1. Given A:L11, A:L15, A:L35, which one is modelled with pLDDT under 95, touching a helix residue (DSSP H, G or I) at 6+ places or on another chain (Cβ under 7 Å) and closer than 17 Å to A:A181 by Cβ?
2. Based on this model, can you work out whether A:I91 counts as within 14 Å of another protein chain (Cβ to nearest Cβ), under 14 Å from the mean Cα position of the chain (by Cα) and among the hydrophobic types (A, V, I, L, M, F, W, C)?
3. If you take the residues of the stretch A:92-124 that are among the hydroxyl-bearing types (S, T, Y) and out of contact with any Pro (no Cβ under 8 Å at 6 or more places or on another chain), which of them is nearest to A:T145 (Cα to Cα)?
4. Of the residues in the stretch B:39-57, how many are surrounded by fewer than 16 Cβ atoms within 10 Å (Cβ to Cβ) and in contact with a helix residue (DSSP H, G or I) (Cβ under 9 Å, 6 or more places away or on another chain)?
5. Quick check on the stretch A:104-114. Is at least one of its residues in contact with an Asp or Glu (Cβ under 7 Å, 6 or more places away or on another chain) and crowded, with 21+ Cβ neighbours inside 10 Å?
6. Kindly provide the set of residues from the stretch B:163-193 that are more than 7 Å from chain A (Cβ to nearest Cβ), aliphatic (A, V, I, L, M) and either in contact (Cβ under 8 Å) with a residue 60 or more places away in the chain or under 16 Å from A:P166 (Cα atoms) (or both), ordered by number.
7. Looking only at residues in the stretch A:116-127 that are touching a residue at least 40 places away in the same chain (Cβ under 8 Å) and out of contact with any strand residue (DSSP E or B) (no Cβ under 7 Å at 6 or more places or on another chain), which one is nearest to A:A41 (Cα to Cα)?
8. In this structure, is B:E155 touching a residue at least 24 places away in the same chain (Cβ under 8 Å), outside any loop (DSSP other than H, G, I, E, B) and loosely packed, with under 15 Cβ neighbours inside 10 Å?
Number of protein chains: 2
Amino acid sequence: MISESTAVRNLALALVHHPVYNKHREVVTTAVTNLDIHDIARAARTFGLTRYYLVTPSTDQQAMIRRIVGHWQDGWGAGYNPDRREALSIIRVVASLNEAQTDYQQGFATPVISVATGARQRTDAISFKSLRKRLQQPEAPHLLTLGTGWGLADELFEQADLVLEPIQGAGDYNHLSVRSAAAIMLDRLLSER
Amino acid sequence: MISESTAVRNLALALVHHPVYNKHREVVTTAVTNLDIHDIARAARTFGLTRYYLVTPSTDQQAMIRRIVGHWQDGWGAGYNPDRREALSIIRVVASLNEAQTDYQQGFATPVISVATGARQRTDAISFKSLRKRLQQPEAPHLLTLGTGWGLADELFEQADLVLEPIQGAGDYNHLSVRSAAAIMLDRLLSER
């Protein structure tokens with residue numbers, strides 16, 4: 001059981017809205033989606049995470065996230081749905097992935113390892129099984145990074161310490177929403193087996 | 001590999017909007033959510049399913065679903081995003097769970113087994129591992145049933161042939177969205193291991 005709680009402490013999640021690709025493979029800043037905030041916070045909290053970073057350089061979008069989270073933290077929603085409040089309490093709004101990494105680093109003496117994720121098969125990707133094992137080591141913080149839109153820009157894959165293998169379904173069709181992908185990743189990495 | 005494709009053929013998914021509970025444990029008909037349609041269809045299609053039933057007795061809601069699906073099937077969306085079209089092609093709109101079961105039964109000589117799911121621990125629940133094995137048998141159709149709102153009404157648990165164990169996270173907090181739960185269930189039951 002010690003290894004389980006260690007694993008949970010060793011993982012944080014970042015949802016990136018820039019730099020990511022759009023449908024035409026141009027680097028853009030995507031709009032923050034309400035359900036990306038809620039669904040992923042609830043899944044992250046269910047699997048015990050203490051940090052879920054929403055990454056956007058847009059100050060307007062940052063303000064919007066804070067407004068939504070505030071509604072459920074302090075506003076009408078806090079009394080209506082305390083479970084939602086608890087989920088959203090792990091959210092941190094940051095301007096860049098570096099900022100997320102710096103914040104998460106605060107709890108650890110060893111460097112945070114960044115792990116990029118995407119739907120495409122890449123060489124040298126680490127398996128879910130290997131990453132799961134890494135998380136069970138003491139003091140091994142990992143920041144799991146997911147992209148919105150059509151996925152993380154290549155520069156984030158180049159900067160990342162590790163790249164995680166894609167989730168494979170049956171056959172060639174592989175178009176999970178980022179919300180579904182996040183849920184499956186957390187389950188594969190942290191669920192009791 | 002034969003068992004994998006058998007498993008995929010043996011599973012269909014139903015998302016129930018009535019009878020389900022609201023926050024006050026009253027039996028209600030929930031409104032259909034756009035992202036429940038899209039996210040779960042994409043996850044189901046990624047894992048190879050050929051049927052995803054949206055269950056609602058409301059003819060207005062049925063019409064709305066058909067309008068949304070139609071937009072991506074035949075309208076502007078079909079050309080813009082063919083992947084979305086493919087995902088939504090597995091959707092069937094039905095008035096009741098019985099109707100879903102009758103439709104799915106058409107492809108099989110052996111009776112469809114209904115499997116109720118929920119977040120609460122129940123006695124006699126079947127494990128993910130056992131259900132995964134059942135799906136690998138020849139001619140073993142199972143209809144996995146998820147509830148919207150605050151979950152499936154008790155009568156659906158009583159009518160079900162099997163009840164699936166809940167997804168356990170870390171600790172007591174367990175508030176996955178139905179979209180996250182569906183994704184994790186599909187992954188646990190059908191992903192290659």
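1. Details: A:L11 fails: modelled with pLDDT under 95; A:L15 fails: modelled with pLDDT under 95.
Just a single option satisfies the conditions, and that option is A:L35.
2. Criteria not met by A:I91.
3. Residue satisfying both the conditions and the ranking: A:S114.
4. Looking only at the stretch B:39-57, we keep the residues that are surrounded by fewer than 16 Cβ atoms within 10 Å (Cβ to Cβ), and these are B:50, B:57.
Cutting the leftovers down to in contact with a helix residue (DSSP H, G or I) (Cβ under 9 Å, 6 or more places away or on another chain) gives us B:50.
Residues that pass the stated criteria total 1.
5. Keep residues of the stretch A:104-114 that are in contact with an Asp or Glu (Cβ under 7 Å, 6 or more places away or on another chain), which gives A:108-110, A:113-114.
With the extra rule that they be crowded, with 21+ Cβ neighbours inside 10 Å, the set shrinks to A:114.
Yes: the stretch A:104-114 contains one or more residues that are in contact with an Asp or Glu (Cβ under 7 Å, 6 or more places away or on another chain) and crowded, with 21+ Cβ neighbours inside 10 Å.
6. B:V178, B:A181, B:A182, B:M185, B:L186, B:L189, listed by residue number.
7. The initial filter retains those residues of the stretch A:116-127 that are touching a residue at least 40 places away in the same chain (Cβ under 8 Å), namely A:116-122, A:125.
Keeping just the survivors that are out of contact with any strand residue (DSSP E or B) (no Cβ under 7 Å at 6 or more places or on another chain) gives A:119-121.
Working: A:A119: 21, A:R120: 24, A:Q121: 27 Å.
Per the criteria, the residue is A:A119.
8. Details: touching a residue at least 24 places away in the same chain (Cβ under 8 Å): yes; outside any loop (DSSP other than H, G, I, E, B): yes; loosely packed, with under 15 Cβ neighbours inside 10 Å: yes.
In short, yes.
The values are calculated or read from the model by the stated rules, or taken from the named source; none is laboratory data. In this text, all values refer to a predicted model and were calculated from it rather than measured experimentally. Because the Cβ atoms are built from the backbone with ideal geometry, glycine has one as well, and the counts that use them run over all protein chains shown.
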